[in-house]
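Worksheet: one structure, shown below.
The values are calculated or read from the model by the stated rules, or taken from the named source; none is laboratory data. Model, not experiment: these values are computed from the prediction. Here the Cβ is made from the backbone with ideal geometry for all residues, glycine too, and neighbour counts use every protein chain on show.
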Amino acid sequence: MKSLDDALHEVVDTAVSLVDADSGTLRFPVNGSNLKIAAQRGCPDWWVRYWDERSEQGYGIRDAALQRNQRVVIEDAFDSPWYTDPMDRDSMVQFGIRSAVTTQIVSSSGAVMGFFTTHWRTVRRPDKKTLEVLDLLANHAASLIERAQANQALRDIGNRYQAIFDSAPAGIVQVESRHLRVVEANGAFCRMLGYSEQEVVGKHIINDLTWPQDRQKDFLGAKRLTSGEIDHYRPVKRFLRKDGMPVWVELDASHLKTDDGAVGDFIGVVTNLTEQRKSEELARARLEEVFHLQRRHTANELASVLAHEINQPLAAMPIYGVVARRLLEKPEIDRADLSNVIDRMQGLSLQAGEIIQKMRGFYDCGKIDPVPMDLNAAVESALSMMVASGRRLKIDLVADLDETLPAVWGVQVHIEQIMLNLLRNAFEAIAEQQSSGGAVTVRTAVGEGVARVTVSDTGPGVDATAAERLFDLLGSKKVNGLGVGLRISRTLIEAHHGRLWVQPHVPGAIFHFELPLA
Amino acid sequence: MSDSARSASNPTVYVVDDDLVIREAVCLMLEHSALHPEPYASGEAFLEGYRPGRPGCLLIDLWMPGLSGLQVVRVLRRRHGDLPFVVLTGSASSSLREEAYSLGAVDFLEKPVDGERLLACVRRALTVAATATVSGPAA
């Protein structure tokens with residue numbers, strides 16, 4: 001295949017030799033620019049540069065004439081109307097050119113593609129035969145250049161395709177459609193299957209390179225492609241690696257059509273699913289690990305909270321047992337005292353049971369697998385559970401929820417439990433007061449990368465000293481399990497990568513918790 | 001009965017535990033066992049209410065808000081000399097147990113504990129208290 005550059009030089013050389021000229025040029029738009037001297041023979045560089053610059057400045061008259069006429073003939077450069085600037089004539093004199101003929105090259109569609117000029121050192125009026133030869137050459141030149149241009153375009157496409165083919169992250173394989181043998185395969189395909197490029201060429205795409213269980217399906221696919229029944233065959237399948245291992249891939253096979261419409265080679269684009277699956281699995285495994293650790297941490301913490309809390313009623317029971325025995329040892333059994341002791345022991349067992357119930361509600365098999373969730377929905381759900389007791393205690397529940405709150409990472413049931421705990425604490429704080437009634441306000445708002453829930457009440461509040469001890473397991477008021485609930489809530493929120501704290505404030509307690517936005 | 005006679009025949013058991021449930025149960029048991037308990041919800045409250053010179057013993061929790069049980073024992077010893085004591089705790093490490101014994105603990109009990117055993121320990125501590133000479137503040 002001749003390149004465009006070769007073709008242009010061939011035209012100049014042929015023109016100069018055919019008409020016995022001394023030198024010649026071919027002006028042609030190079031890379032979409034103005035006409036430039038794209039090929040020449042026997043012309044000095046300074047002269048070529050001079051005329052290229054003239055073209056750029058817009059050397060209009062002669063070019064316009066050339067567009068109209070067949071050709072421009074300069075019999076004597078020293079005395080020619082075509083040279084409007086004396087510099088132009090001087091350049092010819094200095095080069096030593098006396099006469100010239102410029103011929104148009106017209107494309108098959110009739111457009112002027114360019115011009116070629118032949119120069120002589122002597123004054124000359126070209127004869128008819130010379131002009132006829134130049135016209136013939138112009139025709140030949142047009143088809144020569146057009147062919148070279150087409151070739152160039154093909155080569156560009158080819159180069160581009162080759163670059164894509166070589167560097168594509170997906171595997172690309174070209175398969176001869178009758179015998180299903182590999183014609184060519186890119187690096188990605190070869191790496192996927194563990195072969196070198198030389199090894200893979202000639203291999204049977206199904207019998208040699210496909211996992212046995214997937215062969216039959218592929219034969220059918222190839223048949224349907226060949227028959228034209230389908231344009232694309234897109235299975236998820238296994239190739240067979242050189243080392244005998246399967247490779248899961250997503251294949252997109254289609255065939256190249258030849259000019260006459262016949263079926264050409266198959267082209268397969270192959271995406272490696274094994275690698276994709278591997279990295280997905282790895283990420284999942286890592287996440288699992290984190291959550292597992294988190295779960296264990298939470299489980300440990302909850303277990304120690306549970307052990308501590310449940311130990312108190314358990315420890316009290318055998319002591320009451322001794323009291324009961326002492327009462328029985330008396331000559332006169334005081335039934336009222338004994339009944340009182342039995343009541344207390346019953347109460348203690350129930351209290352222990354309640355603590356376990358509370359932990360269950362919070363912990364729910366220890367699963368902490370946050371998913372994107374609607375925080376407002378969890379808040380509303382907890383509020384709805386407290387409406388009845390709010391009415392009974394004359395406590396107003398006020399919800400001020402940000403409707404535009406984005407989703408957060410959380411486990412809905414845990415967040416509800418935490419909300420319930422905060423609401424119960426608020427209710428108890430209000431109920432402890434002398435005056436009846438009060439209000440609890442719940443707000444949600446967006447912060448930096450987090451959503452925040454604030455629960456405030458009209459109870460006595462928590463001062464700075466109490467705030468310090470509130471989450472301390474031993475510093476908490478254990479009578480009604482306030483400390484336990486807060487401690488578990490904080491542990492749970494931290495397991496969700498959030499935080500929970502109390503804002504020292506008197507009167508009226510203010511609790512906040514935050515969860516990361518999904 | 002003179003004041004000192006009452007004290008000797010009915011010594012005081014100072015019950016120091018921040019947990020109301022335990023405090024109430026233990027005091028009730030001691031009362032029904034012919035002993036004289038005095039409940040305190042914290043170490044600070046006990047140190048404030050304690051009057052030296054009366055025979056008795058201390059039944060004390062280790063982990064409480066504020067002063068810990070062993071801190072209370074140290075302060076008491078510095079101010080008033082030794083008072084026999086029994087530790088009753090929810091959980092404790094072996095090093096804490098050793099520390100308690102080195103401070104002179106009569107016994108070290110972990111909750112939950114058999115009530116009769118607790119009672120026996122308290123009685124033993126009171127025996128120690130009766131035989132020991134109540135000394136002045138330690139040098």
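Numbers for the structure displayed
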item: Any hit, region A:32-46, residues being under 26 Å from A:Leu4 (Cα atoms), in a helix (DSSP H, G or I) and modelled with pLDDT of 85 or more; result: yes
item: Complete set of residues in region A:188-200 that are over 17 Å from A:Leu273 (Cα atoms) and outside any loop (DSSP other than H, G, I, E, B); result: A:Glu197, A:Gln198, A:Glu199, A:Val200
item: Whichever residue in region A:220-263 is surrounded by 15 or more Cβ atoms within 10 Å (Cβ to Cβ) and of a type in the set (Gly, Ala, Ser) and, among such residues, is farthest from A:Val175 (Cα to Cα); result: A:Gly221
item: Any hit, region B:102-118, residues being within 14 Å of another protein chain (Cβ to nearest Cβ), crowded, with 16+ Cβ neighbours inside 10 Å and in contact with a Gly (Cβ under 6 Å, 6 or more places away or on another chain); result: yes
item: Residue check for B:Pro37: over 25 Å from A:Glu309 (Cα atoms) and of a type outside the set (A, V, I, L, M, F, W, C); result: no
item: Residue that is farthest from the other protein chains (Cβ to nearest Cβ) [pool: residues in region B:20-43 that are under 16 Å from B:Cys57 (Cβ atoms) and of a type in the set (Gly, Ala, Ser)]; result: B:Gly43
item: Unmet requirement for A:Ser254, which otherwise passes all of (1) of a type in the set (Ser, Thr, Tyr); (2) under 31 Å from the mean Cα position of the chain (by Cα); (3) more than 18 Å from A:Val182 (Cβ to Cβ); result: (3)
item: Of all residues in region A:489-504 being in a helix (DSSP H, G or I) and among the hydrophobic types (A, V, I, L, M, F, W, C), the one that is surrounded by the most Cβ atoms within 10 Å (Cβ to Cβ); result: A:Leu492
item: Filter result (charged (D, E, K, R) and within 20 Å of B:Ala25 (Cβ to Cβ)) within region B:96-115; result: B:Asp107, B:Glu110, B:Lys111, B:Asp114
item: First in region A:322-342 and facing chain B (nearest Cβ under 9 Å) and under 22 Å from B:Val113 (Cβ atoms), second anywhere and among the small types (Gly, Ala, Ser) and assigned to a helix (DSSP H, G or I), Cβ under 6 Å, 6 or more apart; result: A:Val322/B:Gly115; A:Val341/A:Ala324
item: Which listed residue is buried (at least 19 other Cβ atoms within 10 Å of the Cβ) and either farther than 26 Å from A:Ser304 by Cβ or within 14 Å of chain A (Cβ to nearest Cβ) (or both), from B:Val72, B:Val86, B:Val128; result: B:Val86
item: Residue selected from region A:88-131 under the condition aliphatic (A, V, I, L, M) and farther than 16 Å from A:Pro44 by Cβ, by the criterion surrounded by the fewest Cβ atoms within 10 Å (Cβ to Cβ); result: A:Ala111
item: Candidate set from region A:302-321 (those that are β-branched (Val, Ile, Thr) and buried (at least 20 other Cβ atoms within 10 Å of the Cβ)); member that is farthest from the other protein chains (Cβ to nearest Cβ); result: A:Val305
item: Residue that is modelled with the lowest pLDDT, among those in region A:336-360 that are crowded, with 16+ Cβ neighbours inside 10 Å and under 50 Å from the mean Cα position of the chain (by Cα); result: A:Lys358
item: Output for region A:7-33, where each listed residue is of a type outside the set (A, V, I, L, M, F, W, C) and surrounded by 14 or more Cβ atoms within 10 Å (Cβ to Cβ); result: A:His9, A:Glu10, A:Asp13, A:Thr14, A:Asp22, A:Ser23, A:Gly24, A:Thr25, A:Arg27
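For (1) closer than 30 Å to A:Ser108 by Cβ; (2) surrounded by 13 or more Cβ atoms within 10 Å (Cβ to Cβ), each residue gets a yes or a no:
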| residue | (1), (2) |
| --- | --- |
| A:Ala141 | yes, yes |
| A:Leu144 | yes, yes |
| A:Arg160 | yes, no |
| A:Val201 | no, yes |
